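Asker: Would you mind keeping the following structure in view while I ask a few things?
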Amino acid sequence: MSPGEVRELAPAKVNLTLRVGRARADGYHPLDSLVVFADWGDEIRVDDSPAFLLTMSGEPSRRLAGGHDNLVMKAAVALQRAAGLDRAARIHLHKAIPVEAGLGGGSADAAATLRALNRFWKLDWPLDRLAELGLGLGADVPACLYSRPLRMRGIGEWIEMVEIGPGLPAVIVNPGVAVPTGPVFVAFDSRDPRPLADGPWYQGDLAGWLTGEANDLEAVAIGREGVIGDTLEWLHAQPGAWLARMTGSGASCFALFDTMDEAESAAEAYPGFAQAVILGAPEMPA
């Protein structure tokens, strides 16, 4: 690490709940989701360079496009232009989050890039200003900028911080199939979904409320990839698991446990990709 290098964690995003409404006239779907972040994810490192340069490491990065088509580079250029700077940076993305996994990896990387360059260029922009810029990069980017428990509504532009108490021991697993978001929403629309209605929101009994909620995309994702259903059955059967659900548009799933030992045991037992995590508000660089 060079003296001037800035590092930012890009935490994996988990939708503890995800309600989805009928598509709007513009094609976007209204959402209502309780979102939390893991103490694990990708990492962004930025350092001085006369021109933008993106390098990548980690097995999942093999599936990503490089250069200006990468969302990391789009975020960097967007901030440079918005701030009216002629500076650039060398950006390194270390990828740990599986691609097309429902864990918000691309959005988390873009958000971490905005936070890192904000620090590196000493812009001192508040997070809400970065979030306004981030919404143009993707619906999940504003939420990932905060990386705190929050309620996300609209298409990602309405964000409200939520207090969920201590972090939640969990395991995140991925059954090894890529589930692109677009086809899942097409399948969801084919079921003639109802408009999104306001329901009773979390008021303090997190466990009780979560068990009455759902991920509205779970059934259609299972219809496309039955292994997601098999994965959820496996998670439900793990000792100490009190909730198992798909996150985002899939294929990754998670289970919540009372203790970290139970979560770690499940991660060790899963026959594919698995990561024991604490879900909540991960420690971020100062």
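Asker: Restricting to region 80-119, give me the number of residues that are outside any loop (DSSP other than H, G, I, E, B) and buried (at least 21 other Cβ atoms within 10 Å of the Cβ).
Answerer: 16
Asker: Here is a follow-up. Only residues that are over 17 Å from residue 30 (Cβ atoms) and either open to solvent by less than 60 Å² (accessible area, probe 1.4 Å) or in contact with a helix residue (DSSP H, G or I) (Cβ under 6 Å, 6 or more places away or on another chain) (or both): list them for region 189-203, please.
Answerer: 202
Asker: Got a number for residues in region 17-73 being open to solvent by 30 Å² or more (accessible area, probe 1.4 Å), under 15 Å from residue 107 (Cα atoms) and either touching a Gly at 6+ places or on another chain (Cβ under 6 Å) or not in a helix (DSSP H, G or I) (or both)?
Answerer: Adding up the residues that qualify gives 5.
Asker: Okay, moving on. So which residues in region 204-261 are assigned to a helix (DSSP H, G or I), among the aromatic types (Phe, Trp, Tyr) and open to solvent by 50 Å² or more (accessible area, probe 1.4 Å)?
Answerer: Selection gives 234 alone.
Asker: Against the definition (open to solvent by less than 30 Å² (accessible area, probe 1.4 Å) and touching a Gly at 6+ places or on another chain (Cβ under 7 Å)), how does residue 266 come out, yes or no?
Answerer: no
Asker: Taking the residues in region 124-153 that are open to solvent by 10 Å² or more (accessible area, probe 1.4 Å) and assigned to a strand (DSSP E or B) as candidates, determine which candidate is farthest from residue 31 (Cα to Cα).
Answerer: 151
Asker: Quick check: anything in region 272-284 aromatic (Phe, Trp, Tyr), closer than 30 Å to residue 114 by Cβ and assigned to a strand (DSSP E or B)?
Answerer: Yes: one or more hits.
Asker: Which pairs have Cβ atoms under 8 Å, sit 6 or more apart or on different chains, and link a residue in region 232-251 that is among the charged types (D, E, K, R) to one that is at pLDDT below 95?
Answerer: From region 232-251, no pairs qualify.
Asker: Hey, can you tell me all the residues within region 189-224 that are touching a residue at least 24 places away in the same chain (Cβ under 8 Å) and farther than 22 Å from residue 21 by Cα?
Answerer: Scanning region 189-224 gives 206, 207.
Asker: How about region 157-175: which of its residues are touching a Phe, Trp or Tyr at 6+ places or on another chain (Cβ under 9 Å) and under 21 Å from residue 27 (Cα atoms)?
Answerer: The one that is touching a Phe, Trp or Tyr at 6+ places or on another chain (Cβ under 9 Å) and under 21 Å from residue 27 (Cα atoms): 159.
Asker: To continue, here is another question. Can you tell me how many residues within region 269-286 are open to solvent by 60 Å² or more (accessible area, probe 1.4 Å) and of a type in the set (Phe, Trp, Tyr)?
Answerer: Number of matching residues: 1.
Asker: How many residues, within region 1-16, are under 15 Å from the mean Cα position of the chain (by Cα) and open to solvent by 10 Å² or more (accessible area, probe 1.4 Å)?
Answerer: 1
Asker: Another question about this same structure. Condition first: within 19 Å of residue 232 (Cα to Cα), over 16 Å from the mean Cα position of the chain (by Cα) and open to solvent by less than 60 Å² (accessible area, probe 1.4 Å). Now tell me which residues in region 169-188 satisfy that.
Answerer: Selection gives 169, 175, 177, 184.
Asker: Starting from region 176-188, keep only residues that are under 18 Å from residue 28 (Cα atoms) and free of Cβ contacts under 8 Å to residues at least 12 places away in the same chain, then list their pairs with residues that are open to solvent by less than 40 Å² (accessible area, probe 1.4 Å) and in a loop (DSSP other than H, G, I, E, B) whose Cβ atoms are within a distance under 7 Å, requiring at least 6 positions of separation or different chains.
Answerer: none
Asker: Let me ask you something else. Determine which single condition residue 43 fails, assuming it passes every other condition in (1) of a type in the set (D, E, K, R); (2) out of contact with any strand residue (DSSP E or B) (no Cβ under 6 Å at 6 or more places or on another chain); (3) under 24 Å from residue 273 (Cα atoms).
Answerer: It fails just one condition, (2).
The values are calculated or read from the model by the stated rules, or taken from the named source; none is laboratory data. Only a predicted model underlies this, so the values are computations on that prediction, with no experimental measurement involved. Glycine gets a Cβ as well: all are built from the backbone with ideal geometry, and neighbour counts include every protein chain shown. Just so you know, the surface numbers come from the protein's heavy atoms only, side chains and all, with ligands and any DNA or RNA stripped out. Shrake-Rupley method; radii C 1.70, N 1.55, O 1.52, S 1.80 Å.
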